[in-house]
Structures are given as structure tokens and as C-alpha cells.
Amino acid sequence: MNDIRTLLSRCASVFRRKRLDEDLNDELRSHIELAVEENMQHGMTEEEARTAALRAFGGVTQTRENYRVQRGLPFLEILWSDVRYAVRQLWKSPGFTITTALTLAIGIGMNTAVFSMMDAVVLRPLAVPDMSRVVIVAEEHGRGSGDYKQVALGNYQDWKQQSRSFADLAIRSDASMSLTGSGEALHVQAAFATASFFEVLRTNALLGRVYQDRECQPGHNTVAVLSYAFWQKRFGADPSVLGRVINLDGQAYTVIGVLPKTMQYPSISEVFLPLAPTPQQLQNRIAHDYLVVGRLRPGVSVGQAQEDLLEGPPLVDQLIEHDLVLGGKGSEPLRGGPIDDQRVRRHLLVGHRDGLEEGDQAGQLGRADP
């Protein structure tokens, strides 16, 4: 308890320094005058008596500094003195002050931006449950070329039908679309994805629901799911947005759901729409415009998934473990925040098809039209 009182007393003395210094000077002066009078009573002159009193006292300045150390917090007093000196110097040089302030502001802003990015990409927990089992399936054009590209719809269909190692596979394609009929017109980033996309990422809607397989059929794909950020920005987080009709590139879509804030993959996507390819488009092996995401079954390793795919027709040639973020091979789960296409590429299931001729492929369309 005494230590707390002492600490509080020292802290209070920092703000009463002037008054305490005046009290100390009065006490020192009184002590020295008493010593001088006593020396004069012993027959010394006034000058001799004062000199002897000061010599016996041992130094006024040293006594004053020792008392200041005991009564207060010297490091705070020194810091406050340095701050006042710095402010005076900056006030005398306004040009230097402005330059310094701008430099600090830019530096702090850049560091904040970098940390925010690192926090979102590396530090925060992933928004996708059991992320270590989520992989991207890609194609390698030319054996051993390392030229990994997106997937054709026909090849995706082969993987989905052949593989026994995936709990589910999903495919998506991104597009920039014009939103009209709901306030000011603007461009939005849309993701055309199969219903299994939300199953792969283990994501449910915050409001309403996500679309289902029956809505990924031509003629039934007129529903939309909004990202949390877009819902907040465009609709002011209005819960009554469900059932509202929005127009994207002239096509009417009914809003049926809003995704949770943690669902930020793809990071640029604002609206999710059903991918509804026609039977002809599902046979297209020319247009490599799609990204395939899969979730491995429990207990299935990436190597086992590769062997499973190799048992089918010679479409998939090899599996390359490739960690673009952590910079090396390995099976440890990714660390970080909401995923994006670079961060999800922990393992690339690489498809390979040699000698494809354009005449052998059916269909001429890329992204399935809504």
C-alpha cells in the first residue's frame, strides 16, 4: 500500500514541479541563513560565516537535484522537457515541420496498408473450415511445361464423374457486369459458379439462402446471392433486400441470399450467380476459362487423389504440390485470412492433354451464358 502511495505522490509531483521547487528553495535558503547566524555568533564575519555554512552544507545544486530525483519520476520530467524543446524547434522552422509531418503521415499510412493486407492474407484465421483439404484443379498444357491454365468445361465434367477422392468439385468464372435498376448504375464483379461452390467452401448464407443445383439449369438461373461487403455498400445492410430484383447486363435476377462477412473468396466478387451451361457447353474442351475448386474427402491425401485421377482416361498427368504463399512444398495447412486464388493454390492437380485438335471438341462457347 505504501508503495502505491509513493508512486502516486511521485506522479503528482510531475505536475507540481514549480511549486515544489519554490518550497525547496525557501527551505534551503532558511537552512543556510540559520547556519550563517550561528557562525556569526561564534565571531565570524558575515562573509566568512556564509562561506563556512555553504561548505558545511555540501552544495545547494546537488542537494536540489537529489531531492528532485527522490520526489518525482525523472524520466518523465526529462521526456517532458525534450518534448517542449522539440515543439519549440519545430515552431521556429515551419517548412521543416510540414515536411516532417507529411513524411510521417505517408510512412504510417503505408505501414497501415501493408499490415492490413498481411492481416487479411496471412495473420487472421481462414474463413473456410478445414482449409487444408481445399485444392484448385488446373491443366498443364504440354507435359512438364509448367504452363498451368484454367479448365475447360468438358474436362471439369470428366474430373467430376471420374474422381472418387473429392467430396465435391465446383467451377466458376468471373465477369464484370453492369448493374442497373437499383439506384445509380455501376459496374460490379460477378462470379458465375455452380451450387457446389458453396459446399466446397462450407459456406451458408447469412440472410436467405444460397442457390441450389436446380437453379443452375438454363432458364432457371435468375437468382443472385450478394457478398456481405456489396450488401452493405449498395443496399445499406437492408434485410429487406431479399426478393428484390436487380438487373445485370439487362438480365433480371432475384436476390435470394447474402453471404456472411467471413466469406471473401473470391475477394473481388460482389455478386454470385448460378453457372448454367447448356449440354453443348459441357462438352467444350477448347475454351479454358474456368477455375475448378475441390474439397478432398476425409483421409484422402493429394497423392491419393492424383492416383485416383490417373486411373481414368489420360487427362490428368501429374500432381504438383505448390505453395505460392508459404514458398515451398509441404502438407501443413495454409495460414492466413480470407482466401483468394493465389492463396488457395496449395496443391495444383494438373491436367494434361496432348495433341488436342480443335475439330475433336464439341461446342464453341466459353463462359456459360445466364
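Numbers for the structure displayed
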| read-out | value |
| --- | --- |
| Pairs where the first residue, in the stretch 18-31, is touching a residue at least 40 places away in the same chain (Cβ under 8 Å) and the second is of a type in the set (S, T, N, Q), C-beta under 8 Å, 6+ apart | Leu20/Ser13 |
| Qualifying residue in the stretch 284-296 (condition: out of contact with any Gly (no Cβ under 7 Å at 6 or more places or on another chain), surrounded by 14 or more Cβ atoms within 10 Å (Cβ to Cβ), hydrophobic (A, V, I, L, M, F, W, C) and closer than 19 Å to Pro129 by Cβ) | yes |
| So Tyr228, is it buried (at least 19 other Cβ atoms within 10 Å of the Cβ) and among the hydroxyl-bearing types (Ser, Thr, Tyr) | no |
| All positions within the stretch 261-283 that are outside any loop (DSSP other than H, G, I, E, B), surrounded by fewer than 17 Cβ atoms within 10 Å (Cβ to Cβ) and among the hydrophobic types (A, V, I, L, M, F, W, C) | Leu282 |
| Selection status of Ala205, surrounded by fewer than 20 Cβ atoms within 10 Å (Cβ to Cβ), under 26 Å from Arg297 (Cβ atoms) and hydrophobic (A, V, I, L, M, F, W, C) | yes |
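Values quoted throughout were computed directly from the atomic coordinates according to the rules given, and no laboratory measurement underlies them. Computed from a predicted model, the values in this text were never measured in an experiment. Every residue, glycine among them, receives a Cβ derived from its backbone with ideal geometry; neighbour counts consider all protein chains shown.
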